[in-house]
Each structure stands twice: as C-alpha cells, then as structure tokens.
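The values are calculated or read from the model by the stated rules, or taken from the named source; none is laboratory data. Since we're looking at a predicted model, the values are computed, not measured. Heads up, the Cβs are rebuilt from the backbone with ideal geometry, glycines too, and the neighbour counts pull from every protein chain shown.
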Amino acid sequence: MTAHAAEPTPTVPPMPERTPKALRAAIAQHTPHLLPDFDEHWRWAVADAYDISTVPAFMARWWGEFAVARDPKLDAHMADLHDRAEESTDLTEAKALLEEASHIRHEVQRLEPGQ
C-alpha cells in the first residue's frame, strides 16, 4: 500500500501594499470575482468624480473586502453569519450575528501589508 500525501492546505495570500494599484493587483490575482465591482466603484467614486479625497474611504472598503475574500474559511464564515442573521426570527440573535460580522470587518481593517 502506498501512502498518499495529504492535500495541501491552501494558504491565505498576504495583504498587499496599501495602494489602490497594489490592492487591485491582489484582487485580480487572488479574488478575481471582486474585480468588476472594484473597478466600477473606482470609476464612480474616484476616477469619474475627479476627486482623490475619496481614496481613503475607497481603500478602507476594499481593504476589508479583500481581507475577507482572500481567506475561503473567513469568507464562508462571514456569509454564514449574514445568512443566519437574515433567516433569524429572533431579533437578539440576528443582532448578535451582525455584530460578530461587524467585529470581523473592524479587525481586518487593522491588517498590515504582508499579513
């Protein structure tokens, strides 16, 4: 009998540098399903508006989106929290589920490039 190698555990890609260009490249490489929304939001919020003052808010939103989406387990957990909150008939339970999701969103904002 031959031994089979265990399936490799997918690694979570590191966070990119905190620039729109680096974040876009990371999204394109690791979470391409987010790219159309990223590009549309960039055009609407920054490029077409001719307003670079919106870049910090844009980066905060997409930093968090990528931070969650790059980790399949975390992404699934967040989807589960939202699904359970949506289906809950108990207001207290739904609120607790959404608070947990919000806490995770705040935590991923603290991630630094390379983490």
Return the total of residues in segment 40-50 being touching a helix residue (DSSP H, G or I) at 6+ places or on another chain (Cβ under 8 Å) and either over 21 Å from Val108 (Cβ atoms) or not aromatic (Phe, Trp, Tyr) (or both). 3
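Looking at segment 62-83 only, could you name the residues that are aliphatic (A, V, I, L, M) and without any contact (Cβ under 8 Å) to a residue 12 or more places away in the chain? Spell out the reasoning first.
As a first pass, look at segment 62-83 and keep what is aliphatic (A, V, I, L, M): 67-69, 74, 76, 78-79, 81.
Matches in segment 62-83: Ala76, Ala79.
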With the structure loaded, tell me whether Pro32 is within 24 Å of Glu112 (Cβ to Cβ), out of contact with any strand residue (DSSP E or B) (no Cβ under 8 Å at 6 or more places or on another chain) and free of Cβ contacts under 8 Å to residues at least 24 places away in the same chain or whether it fails that test. yes
What are the pairs, 6+ residues apart or on separate chains, where a residue within segment 38-61 that is touching a residue at least 24 places away in the same chain (Cβ under 8 Å) has its Cβ under 7 Å from a residue that is among the small types (Gly, Ala, Ser)? Phe58/Ala45
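Filter segment 42-77 down to residues that are of a type in the set (D, E, K, R) and surrounded by fewer than 17 Cβ atoms within 10 Å (Cβ to Cβ) and give me whichever is farthest from Gln115 (Cα to Cα).
Of all residues in segment 42-77, those of a type in the set (D, E, K, R) come to 43, 48, 51, 61, 65, 70-71, 73, 75.
Among the residues that remain, those that are also surrounded by fewer than 17 Cβ atoms within 10 Å (Cβ to Cβ) are: 43, 48, 51, 61, 73, 75.
Working: Arg43: 28, Asp48: 32, Asp51: 30, Arg61: 18, Lys73: 16, Asp75: 17 Å.
Among residues in segment 42-77 that are of a type in the set (D, E, K, R) and surrounded by fewer than 17 Cβ atoms within 10 Å (Cβ to Cβ), the one farthest from Gln115 (Cα to Cα) is Asp48.
Could you tell me whether Ala76 is at pLDDT 95 or above, farther than 14 Å from Arg105 by Cβ and assigned by TED's automatic domain parsing to the domain that holds Ala101?
On the way: at pLDDT 95 or above: yes; farther than 14 Å from Arg105 by Cβ: yes; assigned by TED's automatic domain parsing to the domain that holds Ala101: yes.
For Ala76, the condition - at pLDDT 95 or above, farther than 14 Å from Arg105 by Cβ and assigned by TED's automatic domain parsing to the domain that holds Ala101 - is met.
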Selection count, segment 12-25, where residues are surrounded by 19 or more Cβ atoms within 10 Å (Cβ to Cβ) and either out of contact with any Leu (no Cβ under 9 Å at 6 or more places or on another chain) or in a helix (DSSP H, G or I) (or both): 1
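How many of the residues in segment 78-98 are part of a helix (DSSP H, G or I) and surrounded by 12 or more Cβ atoms within 10 Å (Cβ to Cβ)?
Just the residues of segment 78-98 that are part of a helix (DSSP H, G or I), to begin with: 78-87, 91-98.
Within this subset, residues satisfying the condition of being surrounded by 12 or more Cβ atoms within 10 Å (Cβ to Cβ) are 78-82, 84-85, 93-98.
Selection size over segment 78-98: 13.
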